[in-house]
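Okay, structure first, notes after.
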Amino acid sequence: MSAKVWLVGAGPGDPELLTLKAVKALNQAQVVMIDDLVNPAVLEHCAGARIVAVGKRGGCRSTPQAFIHRLMLRYARQGRCVVRLKGGDPCIFGRGSEEADWLQAHGVEVELVNGITAGLAGATNCGIPLTLRGVARGVTLVTAHTQDDSPLNWQALAQSGTTLVVYMGVAKLREIQKGLLTGGMSPQMPVAMIENASLPDQRACRSQLGAMHDDAAAFALKSPAIVVIGEVARTSAQIGLSRQLYG
């Protein structure tokens with residue numbers, strides 16, 4: 001497995017949620033380029049690799065994407081096995097497709113390895129099913145941050161009838177709230193705001209759409225967090241939560 005880049009999803013934080021394929025790639029990696037949101041505990045699977053931090057987080061100093069591209073290419077052309085390790089899933093707001101296309105255009109073999117996304121893990125750990133027969137027949141994943149800062153079609157989202165899972169939305173809760181209310185969603189729609197999904201310090205703030213901004217402020221909600229909006233957020237089943245088994 002040489003001269004190749006693996007774009008690997010590290011999952012939401014709990015190292016036990018790594019896939020077997022992710023572990024296999026890490027075991028054989030010579031260089032691991034790691035994002036900020038990846039739990040360092042997963043690096044036990046690549047003890048002999050060179051670790052390169054290439055963090056990208058909203059509101060913080062970030063490694064430029066063009067530099068990350070060039071660095072992956074450089075290591076691959078040196079004949080190294082490179083793992084680009086991303087939090088969650090590389091193809092859910094993780095730029096996995098962008099990086100794969102760029103590398104392939106430069107003659108580098110690429111393989112994508114899926115990871116469990118934070119929206120799913122965080123909701124499950126709160127006893128919230130993202131789909132539920134007779135309640136929610138689908139789920140919509142959206143990001144509150146767009147490349148050109150253009151607004152989302154809040155009216156369409158409000159009327160979709162699906163569970164909404166909003167990523168990177170802590171700084172835009174007021175905008176999310178206003179957009180959905182203006183779009184026709186009920187102010188009584190249940191909301192769950194989940195911080196540090198799947199980790200031992202996961203916290204959840206239960207609210208309703210009309211009160212979620214104020215409730216989040218009182219709760220001191222911080223990133224990274226996901227926001228689940230929909231009737232399913234009313235549920236809180238007592239299920240075996242993976243975070244109770246963490247470690």
Evaluated at 4 °C and 1.567 mPa s, the Stokes-Einstein D of the chain based on the Kirkwood radius over Cα pairs, in µm²/s, stands at 69
Candidates Thr146, Thr124, Thr19, ranked by Gaussian network fluctuation over the chain, Cα under 10 Å, top entry: Thr146
Given 0.36 nm per residue, what is the gain on full extension from Lys21 to Gln188 after removing their alpha carbon distance, in nm? 55.9 nm
Accessible area in square angstrom per residue, region 120-171, 1.4 angstrom probe: 54
Would you mind calculating the relative contact order of region 78-117 from Cα pairs under 8 angstrom and at least 6 residues apart, reporting the percent as a whole number? 45
So how much slack lies between Arg203 and Asp149, counting 0.36 nm per residue of separation and subtracting their Cα-Cα distance, in nm? 16.6 nm
What whole number of Å gives the distance from the Cα centroid of region 129-189 to the Cα centroid of region 7-51? 31
When the chain is treated as a GNM, springs tying every alpha-carbon pair under 10 Å, which of Val83, Val52, Val170 comes out with the largest mean-square fluctuation? Val52
In nm², the average projected area of the convex hull spanned by the Cα atoms of region 44-141 is 8.8
nm² value of the averaged projected area, convex hull over the Cα atoms of region 120-220: 6.4
Looking at region 1-152, what % of its DSSP beta bridges pair antiparallel, to the nearest 5? 10
Springs between alpha-carbon pairs under 10 angstrom, Gaussian network model over the chain: which of Asp214, Asp148, Asp36 fluctuates most? Asp148
Using a 1.4 Å probe over the heavy atoms of the protein chains, calculate the carbon and sulfur portion of the accessible area of region 1-138 as a whole percent. 50
Hey, what angle do you get for helix 96-105 against the long axis of the chain, alpha-carbon based, 0 to 90 degrees rounded to 10? 30
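The values are calculated or read from the model by the stated rules, or taken from the named source; none is laboratory data. Computed from a predicted structure; not experimentally measured. We work out accessible area using only protein heavy atoms, side chains counted, and drop any ligands, DNA or RNA first. Shrake-Rupley method; radii C 1.70, N 1.55, O 1.52, S 1.80 Å.
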